[in-house]
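Laboratory data are not the source of any read-out in this text; all were calculated from the coordinates shown. Every value quoted in this text rests on a predicted model; they were computed, and no experiment measured them. Because the Cβ atoms are built from the backbone with ideal geometry, glycine has one as well, and the counts that use them run over all protein chains shown.
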Amino acid sequence: PDQAPEARPATQPDAAPAPNPNRAAEPAAEAPAAGDAAPRANPQREVPPAADAPAEPRPNARPAAQNDQQPADATEQPVGSDLDALTEQLRAQEQGEQPAADPAATADAPAEPAAPAAQGGLTLATGATQVERAGALPGLAGVLTQEVQGGLDTSALTCLDGSAFPCADGGRAMTPNGVVVETNEAGELRLAPTEAQMYRVGQNGEMIRRAAEEDTVETEASREAAQATTPATAAALDAADGSGEITEQQVTEENARSSSEDFTTSLRDALAGATGQPAPQAEEEDDDNRLRNALLLGLGAVAVGSYLNNNRQVALSAPDRVVVTRADGSQEVIKDEVALLRQPGSTVQTENFDDGSSRTIVTRQDGSRVVTIRDANLQVLRRTLVSADGTTTQLIDDTADVQPVDIGALPAPAPVQTGNAPLNEDQLREALLREANVDRRFTLSQIRNIPEVRALVAPVNIDAITFDTGSAAIRSDQAQQLQGLGRAIQDQIAQNPQEIFMIEGHTDTVGSDAANLALSDRRAESVALALTEYFDVPPENLVTQGYGEQFLRVRAEGDIRDNRRASVRRITDLLAQ
């Protein structure tokens, strides 16, 4: 559970396609890692290389943004006669080398290479598995064939965990041009399956980095968000001031958390709960108010093993966060969405209503107010800034009449960063201001829960922030490294007070799913707090979200530093306000 997102350096979009992730220095967590899940059926179409493509490995990815890729079926379909010829050649080789009486021979069955490989050289498998994957991934199959024919040897392969080939425990590796491969029992190379590939081939033969959100698993939360047809409702949206139960708190240095301070509860303890024993299922009539009441007592008051509404079982319970497991096995984190606003010197007044919804007004020393309305699940329905002069700025409105999301009709994901060079301040500004290629708006819930929607805006990796194992605290010297990002965000908000930026946290797969999710969410909150404390970024213009190990940058399990990261997206162009 202690293995969670260290931010890797922000990277240039025009660097070479094949990354070289460094192995992490953090020790493995004690809890077991989660297993693989099947990908969602919405990958981007890959194009096979041209017939006259050179045998030499293809150079670096094209720096220009690629928006010409169209959604395809779950298995990418062969395109053009070149692929047909390649597939037939592989089939012919396979049929000629396997006994006619046993056509269902092992999928990994190797064939004799057409010519002996040089010492250290590699040969391409021709069994049924390779034939099938080449048909699904024609472009990558062509790139791999060119690399092998060009003399690819073992010294050029890099294991996905950053180690030298051969990879431990049969792990996968990447070729210099970015094709993810594995070996069969005979030591021959074959394509890794679609969900493991980190690049696709574009129409001009360029290698395009896949977004971490591509080919992901559909969850109950993403399906519900996509199918929503009615605006959210809650008593707090229309109730008169003072009609609910009111509590008030004065925020001081003593009761406010700063980015340099860690949370008081360990996630290992939060997994076990106070007693270590599951609690009985909650009474249905208490569901509306359970989370709200738990928030007043500290969210850890919700017992591990108990059930919330919609058949969600509590998997982790800490005073600041709860992780619940849905019926499909997916998990989500529930937290206090007003935490960022609890700055020293402010007064927090919360008005609770019978349906579990609430209205929180944070009044600052300068007289400005931030009004946040939440539903019974503590999700933000509306956030409004009221300046000291009475000017009102609507920031979030999940009650807007937004249409359902047809995922298959969405544009291709925005081009993501590749390479290893940090972005300077000007490059950060350019990356954050890149407009989304979409002609509609979405609710905050849809952006948070539907990966294909979120991928319409490329994340910008946050530079120079690392965390101690299991910790969410940021040292002051590291917080100063956020200066370029902080200035870029602050300047943009000054120009447009409705700007909203999402700070995300991600982990690798080592440790408990629930603990990884909670820790990544804690760390995202710390980054947002640091931006506010050190660079005066208005906290109301920030939202945070941890995703744990759901969206891997390097599509492999294990202790991989590149997967432990923090990032930021400017979601203003996506958000209905």
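Any chance you could run the full-extension gain for A409 through E254? It's 0.36 nm times the residue separation minus the Cα-Cα distance, nm to one decimal.
Full extension from A409 to E254 adds 50.8 nm.
Show me, for the stretch 513-528, the HN-Hα J-couplings you get by feeding each phi into the Karplus relation (A = 6.51, B = -1.76, C = 1.60, θ = phi - 60°), rounded to Hz, glycine and proline as x.
Once θ is set to phi - 60°, the couplings for the stretch 513-528 become 4, 5, 5, 4, 5, 5, 5, 5, 6, 4, 5, 4, 4, 5, 4, 5 Hz.
If each residue's Cβ is checked for other Cβ atoms within 10 Å, how do Y534, Y307 rank with the fewest at the top?
Going from sparsest to densest Cβ surroundings: Y534, Y307.
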